[in-house]
Structures are given as C-alpha cells and as structure tokens.
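The values are calculated or read from the model by the stated rules, or taken from the named source; none is laboratory data. This is a predicted model, so every value here is computed, not measured. Here the Cβ positions follow ideal geometry from the backbone for every residue, glycine too, while neighbour counts run over all protein chains shown. Surface accessibility is based on the protein's heavy atoms, side chains included, excluding ligands, DNA and RNA. Shrake-Rupley method; radii C 1.70, N 1.55, O 1.52, S 1.80 Å.
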Amino acid sequence: MGTGRDHNAYGFTMWMAGGGIKGGTTVGATDELGAAAVEDRFHVKNLHATILALMGIDPDRLTYFYGGLDQKLVGVEGAEPIRQIMA
C-alpha cells in the first residue's frame with residue numbers, strides 16, 4: 001500500500017459537523033474492505049478548499065510564503081470545494 005505509519009492513503013472516513021456542513025450527508029464510498037475509495041473520490045485539497053470556503057476565505061487567493069514562493073493550501077492548480085457537504 002502507501003507510505004506512512006499504517007495510514008490508509010487510498011480511502012478514509014471523516015466526520016464533520018457545524019460551520020456550514022450539511023447534516024446527515026454521506027459522500028463517496030470505499031470498496032468492500034474499506035481499503036480504497038471507489039465512488040466520488042476527492043483529494044485532500046478539495047477538503048481544504050471546502051473548509052476555507054466555509055470560513056469565508058477564497059481558497060485560490062489564500063497564500064503563504066515558503067521556500068521563496070507564495071504557496072497555496074489548495075496547490076497551484078487549485079481545488080473546488082465539496083459542494084455536496086455544504087449546507
């Protein structure tokens with residue numbers, strides 16, 4: 001599998017509540033073993049974009065200076081928020 005401390009890099013579950021998150025919503029699915037995402041797959045950058053958008057921050061405009069360059073939490077190509085979980 002992936003690298004790390006026995007973390008699953010191919011599918012994971014996250015619970016979110018409050019702050020503009022739509023209650024009782026499930027997005028995506030993993031295989032029968034829970035080892036890999038197989039439906040509605042999102043990158044962690046989409047999660048970051050969702051949280052920033054719910055905080056009222058434009059994810060494509062938020063930058064921080066690192067390594068001599070302005071960096072974005074959602075990467076150079078940007079990322080769309082996960083609209084299915086936003087109230």
(request) For segment 30-46, enumerate the residues that are surrounded by 11 or more Cβ atoms within 10 Å (Cβ to Cβ) and either in a loop (DSSP other than H, G, I, E, B) or over 15 Å from the mean Cα position of the chain (by Cα) (or both). (result) Thr30, Asp31, Gly34, Ala35, Ala36, Val38, Asp40, Arg41, Phe42, His43
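Matching residues to (1) part of a strand (DSSP E or B); (2) open to solvent by less than 100 Å² (accessible area, probe 1.4 Å); (3) farther than 19 Å from Gly24 by Cα; (4) out of contact with any strand residue (DSSP E or B) (no Cβ under 6 Å at 6 or more places or on another chain):
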| site | (1), (2), (3), (4) |
| --- | --- |
| His48 | no, yes, yes, yes |
| Leu52 | no, yes, yes, yes |
| Leu73 | no, yes, yes, yes |
| Glu80 | no, no, yes, yes |
| Gln84 | no, yes, no, yes |
(request) Could you tell me whether any residue of segment 2-21 is out of contact with any Cys (no Cβ under 8 Å at 6 or more places or on another chain), modelled with pLDDT of 90 or more, part of a loop (DSSP other than H, G, I, E, B) and among the charged types (D, E, K, R)? (result) no
